[in-house]
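The values are calculated or read from the model by the stated rules, or taken from the named source; none is laboratory data. Owing to the predicted nature of the structure, the values given are computational and were not obtained by experimental measurement. Please note: Cβ atoms are built from the backbone with ideal geometry, for glycine as well, and neighbour counts cover all protein chains shown.
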Amino acid sequence: MQTSCKLSNVAKNYLNTFHCILDEMIQNMTEAELNNSISYNFIVQMIPHHQAAIEMSHNLLQYTTYIPLQDIACNMIEEQTKSIEAMQEIQCACSIRKNCSQDLCLYQRRMDQIMQNMFSKMSSTPDTNQINADFIREMIPHHIGAIEMSKTTLQYDICPQLKPILDNIITCQEKGIRKMRHLLHQSGR
């Protein structure tokens, strides 16, 4: 946690909750029980990733009065809830699709790199009294991580039911990044 100024009680409450959610996401993603199915492994690591975005959005909604960001957070909750439900629905069937050990090793090595980069960027965002800007700076690397994880997964032999979910994650999160960058640019932060 990098603090660049004296924090208000509101900012402290927001940031403390954010860091708790982030720590739980990191633990759940890194400790997920993996098997010999890339499709299954993606699902068990992406569900806690999406769950964290939902919780982070709920956290923001307790404090922000900025309507464009409220809209983004509400949309994120809706999209990622649907995505979790879709992944849970196919999880069992996707676990049947097995991959060779070489692909599993290459895949997981790349996924670990993506996750570590995302964790590092999310953990090192400066903590300020500007909750709206903080949320955007925290969420952009979170979205980038999901996009990179999805694109990596698409390079392998995966369960056909997973592909439209991956495509949707990429599309929705790229759109979300554009919207958040636009808001950050508008605010001059």
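Of all residues in segment 139-189, those being of a type in the set (D, E, K, R) and either free of Cβ contacts under 8 Å to residues at least 12 places away in the same chain or closer than 16 Å to His50 by Cβ (or both) number 6. Annotation note: Cβ proximity below 9 Å between a residue of segment 109-138 that is free of Cβ contacts under 8 Å to residues at least 24 places away in the same chain and a residue that is surrounded by fewer than 19 Cβ atoms within 10 Å (Cβ to Cβ) and of a type in the set (A, V, I, L, M) (sequence gap 6+ or interchain) occurs for Lys121/Ile144.
Considering only residues in segment 57-67 that are touching a residue at least 12 places away in the same chain (Cβ under 8 Å) and assigned to a helix (DSSP H, G or I), the one that is nearest to Ile165 (Cα to Cα) turns out to be Ser57.
Test Thr3 against the stated conditions and say whether it is of a type in the set (Ser, Thr, Tyr) and modelled with pLDDT under 95.
Details: of a type in the set (Ser, Thr, Tyr): yes; modelled with pLDDT under 95: yes.
Taking the combined requirement at face value, the residue satisfies it.
Name every residue in segment 25-56 that is without any contact (Cβ under 8 Å) to a residue 60 or more places away in the chain and farther than 30 Å from Asp157 by Cα, in order of residue number. Passing the criteria: only Glu55.
To keep it simple, each residue is scored yes or no on (1) under 15 Å from the mean Cα position of the chain (by Cα); (2) surrounded by 15 or more Cβ atoms within 10 Å (Cβ to Cβ).
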position: Ser57; (1), (2): yes, yes
position: Tyr63; (1), (2): no, yes
position: Ser83; (1), (2): yes, yes
position: Ala86; (1), (2): no, yes
position: Gln102; (1), (2): no, no
